[in-house]
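Asker: Handing you a structure now.
The values are calculated or read from the model by the stated rules, or taken from the named source; none is laboratory data. Since this is a predicted model, take the numbers as computed values, not measurements. Every residue, glycine among them, receives a Cβ derived from its backbone with ideal geometry; neighbour counts consider all protein chains shown. Heavy atoms of the whole protein, side chains included, go into the accessibility calculation; ligands, DNA and RNA do not. Shrake-Rupley method; radii C 1.70, N 1.55, O 1.52, S 1.80 Å.
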Amino acid sequence: MKPADDKDNVSGMGCGEGGRNDIVVIGGGIAGMTASLALASLGHKVALIEKSDKLGGRAGRLGTMLPQMLRCSEIIGPMVFRVLGDRNIKVLLSSEISSIGRDDSGHFVEMDNGRRETGSAIIIATGLDTVPAGAVPEYGHGLRKGVMTLEELEERIASGGPLSDEVPRAIVFVQCVGSRTERRGVPYCSALCCANAIKNALLLKREDPGRDVTVLYIDIRTTGKGQEELYREARRSGVRFIRGQPSLVTEREGRLLVCGENTLLRELYELPADLVVLATGLRQPPSNLLLMDELEIAEGTTGFPLAFGSHTTAEGVFLAGSVKGPMDMPTAERDARACALDVHEHLVKGPRTASP
Ligand SMILES: Cc1cc2nc3c(=O)[nH]c(=O)nc-3n(C[C@H](O)[C@H](O)[C@H](O)COP(=O)(O)OP(=O)(O)OC[C@H]3O[C@@H](n4cnc5c(N)ncnc54)[C@H](O)[C@@H]3O)c2cc1C
């Protein structure tokens, strides 16, 4: 296996050269890697462009994966190893796209380091973003110590670092922060947050059953495989679920205080907490909007690109994984395999007219 070159962050065939490929894949998360591996196994030459300095995407930074509760690194690590070792895949790390489009040579991607890659098809697998927690300022993210997002909690658990200065005894999860709102975030359900909060609530409770763990929700939506069972297990283990988002996270006597209304019992609550975890919504990253613009891809109703399976409204441009909208890892992987098949068909048989 040839590791990524430290100097120019390129690995795989044709290292160090810009050049002609069959496909250019943008985004080295689980979807981009899966599509690259599938196409490489069919004999196609792939250039995989990743803006950060490592492959793996969001899943590479998470701790424990639902529903099997496996370490994410156990799933991502071997996949990264296979990608870096595949002779048909050229990996370009730390590569910011400066220009993307179509000319006589097909699709081209130019990067700020001066490289240019071309291909007969492009796959966009750039994932999604979280709504900034500052969208709901009364929850005090960035202002009050002990208030963090669900993603920040996952990253701390994954890195094995302490969750806070003191060992947290009382932890409150707040759901739908910047989700299902017309004014301060995105209007749709972000689909993953309920199960993710439950997963982490359960892990914290398992680690120390004496902990006071509460989830504040609008509705609990656990539709994925194994998620309802996890929800049941969390309730059995003593995680408390209260319907009603808080109106304020404040401080009293040196501790956080979460205030709101239990909308089932019609009672006000005040919950002292050492840690408040905000499950922020998921949205199309602003940088994707730029890509969509340059590639002339139409936008769907939720701001994500309009997709017909993997096809977009631009010929030869395909989508894989959560760039289409919130989805878990197994779904992103399946979606990327389906995308690879569509791209293979496009390369072998030529373009097909996109149909709704
Ligand atoms: C807090 C949280 C917890 C989660 N927990 C679970 C779980 O337990 N189980 C589960 O199945 N799923 C979970 N998920 C969902 C999981 O993270 C996604 O399903 C998965 O990451 C989707 O993979 P992807 O490749 O589509 O996108 P990503 O993982 O986001 O990868 C996209 C990649 O594209 C790169 N990129 C973006 N823009 C560009 C650009 N312009 N140029 C080059 N590269 C670019 C990014 O750097 C990134 O590496 C969780 C999500 C969150 C937010």
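Asker: State the number of residues belonging to segment 277-294 that are in contact with a helix residue (DSSP H, G or I) (Cβ under 7 Å, 6 or more places away or on another chain) and modelled with pLDDT of 95 or more.
Answerer: 4
Yes/no per residue for (1) open to solvent by 60 Å² or more (accessible area, probe 1.4 Å); (2) out of contact with any Ser or Thr (no Cβ under 6 Å at 6 or more places or on another chain); (3) within 11 Å of the ligand (Cβ to nearest atom):
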| site | (1), (2), (3) |
| --- | --- |
| Leu70 | yes, yes, yes |
| Ser73 | yes, yes, no |
| Gly85 | no, yes, no |
| Gly101 | no, yes, no |
| Ala121 | no, yes, no |
| Glu138 | no, yes, no |
| Glu154 | no, yes, yes |
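Asker: Scan segment 158-177 for residues that are open to solvent by 50 Å² or more (accessible area, probe 1.4 Å) and outside any loop (DSSP other than H, G, I, E, B) and jot them down. So that I can check it myself, show each step before the final result.
Answerer: To start, the set of residues in segment 158-177 that are open to solvent by 50 Å² or more (accessible area, probe 1.4 Å) comprises 159-160, 162, 165-167, 169.
Correct list: Ser159 only.
Asker: Counting only residues that are free of Cβ contacts under 8 Å to residues at least 12 places away in the same chain and either within 23 Å of Gly119 (Cα to Cα) or open to solvent by less than 10 Å² (accessible area, probe 1.4 Å) (or both), how many does segment 290-300 have?
Answerer: So the answer is 2.
Asker: Just the residues that are in contact with a strand residue (DSSP E or B) (Cβ under 9 Å, 6 or more places away or on another chain), in a helix (DSSP H, G or I) and within 16 Å of the ligand (Cβ to nearest atom), please, taken from segment 204-217.
Answerer: Leu204
Asker: For residues that are within 12 Å of the ligand (Cβ to nearest atom), in contact with a helix residue (DSSP H, G or I) (Cβ under 7 Å, 6 or more places away or on another chain) and at pLDDT below 95, tally how many sit in segment 295-323.
Answerer: So the answer is 1.
Asker: Follow-up. Which one of the conditions (1) out of contact with any Cys (no Cβ under 6 Å at 6 or more places or on another chain); (2) assigned by TED's automatic domain parsing to the domain that holds Tyr139 does Val343 fail to meet, given that it meets all the rest?
Answerer: It fails just one condition, (2).
Asker: Still on this structure, I have one more. Go through (1) surrounded by fewer than 19 Cβ atoms within 10 Å (Cβ to Cβ); (2) out of contact with any strand residue (DSSP E or B) (no Cβ under 6 Å at 6 or more places or on another chain); (3) closer than 29 Å to Asn200 by Cα; (4) charged (D, E, K, R) and name the single condition Arg255 misses.
Answerer: (2)
Asker: Same structure, new question: With the structure loaded, tell me whether Arg180 is open to solvent by 30 Å² or more (accessible area, probe 1.4 Å), away from the ligand (no atom under 12 Å from the Cβ) and either assigned to a strand (DSSP E or B) or among the basic types (Lys, Arg) (or both) or whether it fails that test. I'd like the intermediate steps shown before the answer.
Answerer: Values: open to solvent by 30 Å² or more (accessible area, probe 1.4 Å): yes; away from the ligand (no atom under 12 Å from the Cβ): yes; either assigned to a strand (DSSP E or B) or among the basic types (Lys, Arg) (or both): yes.
The answer is yes for Arg180.
The rows are residues; the columns are (1) under 22 Å from Arg169 (Cα atoms); (2) surrounded by fewer than 16 Cβ atoms within 10 Å (Cβ to Cβ); (3) touching a His at 6+ places or on another chain (Cβ under 6 Å).
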site	(1), (2), (3)
Cys259	yes, yes, no
Thr302	no, yes, no
Ala314	no, no, no
Leu319	no, no, no
Lys324	no, no, no
Glu345	no, yes, no
